[in-house]
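Engineer: Below you'll find the structure I mean.
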Amino acid sequence: MVGRANSGQATPGPLGSNAAACGTLIMSVTFQRPTDARYGAKLERAIGRLRGGSIDRVRVMWCDLHGQTRGKVLTPQAAIRALQDGISMVSTLMLKDTSDRTAYKVFEPSGTASLSGFGQANNLLLLPDPGTLCDLPFSPGSAWMQAQPYFEDGTPVELDTRRILQRALARLSDAGMGLRCGLEVEFHIYRITSTRSQLNPEDAQWPGEPPEVELIHPGYKLLSEDWHDMAEPALEIVRQTALGLGLPLTSLELEMGPSQVEVVFDATDAMSAADQMVLFRNAVRMALRRAGYHASFICLPPFGNPMSSGWHLHQSLVSADQGQNLMRRDNPMASSTLEQASAVLSELGEHWLAGLLKHAPAMTALCVPTTNGYGRFRPNALAPQSILWGRDNRGALLRVIGPCGSKATRIENRLGEPAANPYLYLAAQIHAGLDGIAQKMRAPLGTHDPYSPSAQRLPSNLALALKALAEDEALVQGLGSDFVAYFQRIKQAEVARQQAAADPVEFQRREYFSRL
């Protein structure tokens with residue numbers, strides 16, 4: 001049963017009985033939140049900005065299990081109160097599958113028996129993180145803050161995916177290490193030609209229709225300047241949005257597929273990278289839609305000849321005190337060959353690499369969490385199919401990058417789909433890699449044949465990936481057995497609906513292309 005951390009009784013906060021949450025009067029509570037000086041400084045700066053007069057409305061948003069943002073729009077004064085006392089959120093938002101159906105029978109006596117603190121569509125509290133306050137460049141006067149859910153007694157909701165990553169990073173920090181991550185994200189942008197079916201009340205269904213679209217470039221001409229020029233109006237919106245949000249964007253590129261593009265971000269600490277992915281993905285979709293475009297972060301759009309999109313996660317271990325790259329090796333190990341990890345990675349880096357390989361089947365459910373994403377695992381498609389690593393090999397699951405001695409030595413995990421929840425994607429790397437270190441695992445030889453028919457395959461569908469996750473003791477222990485059971489329950493509902501769909505393509509159109 002999912003439990004809650006022990007805490008004292010809720011006590012009145014600085015706003016006392018005047019605190020209100022979006023029309024719902026609540027007693028002030030004592031939240032379990034950071035008490036260091038840095039948090040206090042961030043809180044003071046955020047309150048100062050909210051009182052400054054340049055912000056008219058604040059979107060207080062939470063990232064759900066599926067990586068989508070949900071929340072409420074507050075006045076600046078209400079946002080200041082929310083920073084102290086939180087705002088209410090119906091708990092069923094944490095129990096939704098990708099169609100927005102509640103996967104638990106919340107109004108039955110035993111419907112949420114496995115979820116302590118949930119039931120009867122009760123309230124949770126969203127507490128904003130003041131350090132995430134930023135302006136939305138596409139909506140003048142609007143600001144945005146990321147929030148996390150708490151129970152009404154002030155204890156954290158441990159099922160929250162951002163908290164899952166926070167716990168993983170704390171475990172890594174206890175070992176004297178941190179994780180730096182760089183994002184390389186492919187997705188599709190289409191021009192909207194009609195919203196007639198999507199917005200016609202007579203056609204409303206659950207899930208609903210996507211808009212009618214056309215391509216912004218014809219594809220099959222990788223990095224073409226001609227096609228880039230054709231797609232530039234949409235890409236300029238992406239650029240302005242990313243830079244306006246303060247994100248470390250480095251490049252905008254045209255991918256091979258029709259209407260497919262790619263963005264690349266500079267490396268940063270893992271939590272910042274995950275937060276940036278949440279903000280980028282959801283903000284870009286909104287900014288593009290305002291200009292008449294539809295952005296889709298699903299792997300395979302439901303059209304005749306799409307190219308699959310991936311999310312490649314670059315990662316390097318660093319020392320917690322000085323930030324030195326712990327995967328770097330100054331000189332190859334004696335007698336090592338180019339196919340050995342010890343030719344380029346430190347001993348610690350090899351253990352991490354081996355851990356990622358060992359737990360790849362279980363990680364797949366977290367890195368490829370939709371039924372749509374498994375169509376990408378095909379031979380000779382610049383996407384992984386088997387559990388292999390290689391030196392600068394884009395067909396392998398794990399691509400080791402950098403010559404010996406390079407400060408940029410890193411591992412690129414090419415497993416993920418761009419719709420994945422960033423916090424779960426990154427947490428999976430940490431728990432898998434730490435197990436590799438704890439067990440002092442050694443990596444097999446690197447591959448020159450990433451699509452070899454004899455290699456161990458990745459799970460070929462979400463149901464198999466969920467099974468692998470449930471059977472992986474290290475990941476279940478790292479993520480928490482309660483979280484894994486909760487994740488399984490919600491994703492199994494998605495699998496069941498996909499398997500029962502009379503028209504598989506129609507399922508993909510409504511469930512994913514319209515919504516993710």
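Engineer: Place +1 on the Cβ of every Lys and Arg and -1 on the Cβ of every Asp and Glu in the chain, take the dipole about the Cα centre, and give the residue among THR337, ALA175, VAL261 whose Cα lies farthest towards its positive end.
Structural biologist: Farthest towards the positive end: ALA175.
Engineer: Only helical DSSP H runs with n ≥ 4 go in: add -39500 (n - 2.57) per run for the chain, normalise by residue count and round the 222 nm mean residue ellipticity to 500 deg cm²/dmol.
Structural biologist: The helix contribution divided over the chain gives -10000 deg cm²/dmol.
Engineer: Determine the relative contact order of region 295-388: mean sequence separation of Cα pairs under 8 Å and six or more apart, normalised by residue count, in whole percent.
Structural biologist: It rounds to 25 percent for region 295-388.
Engineer: Expressed as a whole percentage, what fraction of the accessible surface of the chain belongs to carbon and sulfur atoms when a 1.4 Å probe is rolled over the protein heavy atoms?
Structural biologist: On the chain, the fraction of accessible area on carbon and sulfur atoms equals 50 percent.
Engineer: In terms of modelled amide H atoms, which long-range or inter-chain residues lie less than 5 Å from the amide H of GLY71?
Structural biologist: Amide H neighbours of GLY71, under 5 Å, 5+ apart: TRP62.
Engineer: Note down the Stokes-Einstein diffusion coefficient of region 37-168 in µm²/s, whole number, using a Kirkwood radius over alpha carbon pairs, 4 °C, and 1.567 mPa s.
Structural biologist: 83
Engineer: Still on this structure, I have one more. Quick one: Karplus J couplings for region 410-417, per residue in order, coefficients 6.51, -1.76, 1.60, θ = phi - 60°, nearest Hz, x for Gly and Pro?
Structural biologist: 7, 10, 9, 8, 9, 6, x, 9
Engineer: Rounded to whole Hz and in sequence order, give me ³J(HN,Hα) for region 155-161 from the Karplus expression 6.51 cos²θ - 1.76 cosθ + 1.60, θ = phi - 60°, writing x for Gly and Pro.
Structural biologist: Along region 155-161, the couplings run 7, x, 7, 6, 7, 4, 5 Hz.
Engineer: Hey, another quick one. Tell me which residues come under 5 Å, amide H to amide H, from MET177 once H is placed; ignore anything under 5 positions away on its chain.
Structural biologist: Correct list: ALA320.
Engineer: Right, here's the next one. If you take the Cα Rg of region 451-516 and divide it by 2.2 N^0.38 Å, with N the number of residues, what do you get?
Structural biologist: It is 1.36.
Engineer: Distance from the Cα centre of region 231-263 to that of region 283-347, in angstrom?
Structural biologist: 17
Engineer: With a cut-off of 8 Å between alpha carbons and a minimum separation of six or more residues, what is the relative contact order of the chain in percent?
Structural biologist: With pairs under 8 Å counted, the relative contact order is 15 percent.
Engineer: Determine how large the accessible area of LEU169 is when every protein chain is in place; take a 1.4 Å probe and give Å² rounded to the nearest 10.
Structural biologist: Approximately 40 Å² of LEU169 is accessible to the 1.4 Å probe.
Engineer: Give me the compactness ratio for region 214-265, meaning the Cα radius of gyration over 2.2 N^0.38 Å.
Structural biologist: Normalised Rg, Cα atoms only: 1.11.
Engineer: Moving on to the next point. What whole-number value in cubic angstrom gives the convex hull volume per residue for the C-alpha atoms of the chain? Walk me through the numbers before you get to the answer.
Structural biologist: Numbers: hull volume 81.8 nm³, N = 516.
Given the Cα convex hull of the chain, per-residue volume reads 159 Å³.
Engineer: In sequence order, what are the phi-derived ³J(HN,Hα) couplings for region 321-334 according to the Karplus relation 6.51 cos²θ - 1.76 cosθ + 1.60 with θ = phi - 60°, rounded to whole Hz, with x for glycine and proline?
Structural biologist: For region 321-334, the Karplus-derived couplings read 8, 10, x, 6, 6, 7, 8, 6, 10, 6, 9, x, 4, 3 Hz, x marking Gly and Pro.
Engineer: Okay, next question. Using the crude model of +1 on Lys and Arg Cβ and -1 on Asp and Glu Cβ, and no other charge, please compute the dipole size for region 380-453 relative to its Cα centre, in debye to 20.
Structural biologist: Approximately 240 debye in magnitude.
Engineer: Right, next: Would you please state the base-10 log of I(q)/I(0) at q = 0.12, 0.15, 0.18 1/Å for region 196-348, with intensities from the Debye formula using one equal scatterer on every alpha carbon?
Structural biologist: -0.71, -0.94, -1.14
Engineer: Work out, in µm²/s and without decimals, the Stokes-Einstein translational diffusion coefficient of region 89-232 at 37 °C, 0.692 mPa s, Rh from Kirkwood over C-alpha pairs.
Structural biologist: The diffusion coefficient I find is 162 µm²/s.
Engineer: Assign unit charges at the C-beta atoms only (+1 for Lys and Arg, -1 for Asp and Glu), then state the dipole size of region 360-516 relative to its Cα centre in Debye, rounded to the nearest 20.
Structural biologist: 400
Engineer: From largest accessible area down, sort MET230, MET277; use a 1.4 Å probe on the protein chains.
Structural biologist: Numbers: MET230 90, MET277 0 Å².
My answer, sorted largest first, is MET230, MET277.
Engineer: Can you list the lysines whose alpha carbon is less than 30 Å from that of LYS96, not counting same-chain residues fewer than 8 positions off?
Structural biologist: Reachable lysines: LYS72, LYS105, LYS467, LYS491.
Engineer: For the peptides 76-89, 390-403, what is the packing order when you average, over each peptide's residues, the other Cβ atoms within 10 Å and list the highest mean first?
Structural biologist: Going by the mean number of other Cβ atoms within 10 Å, highest first, we get 76-89, 390-403.
The values are calculated or read from the model by the stated rules, or taken from the named source; none is laboratory data. Here the structure is a predicted model, which is why all the values come from computation and not from measurement. As a convention, Cβ positions derive from the backbone with ideal geometry for all residues, glycine included, and neighbour counts pool all protein chains shown. Remember, those area values only see protein heavy atoms, side chains included, never the ligands or the DNA or RNA. Shrake-Rupley method; radii C 1.70, N 1.55, O 1.52, S 1.80 Å.
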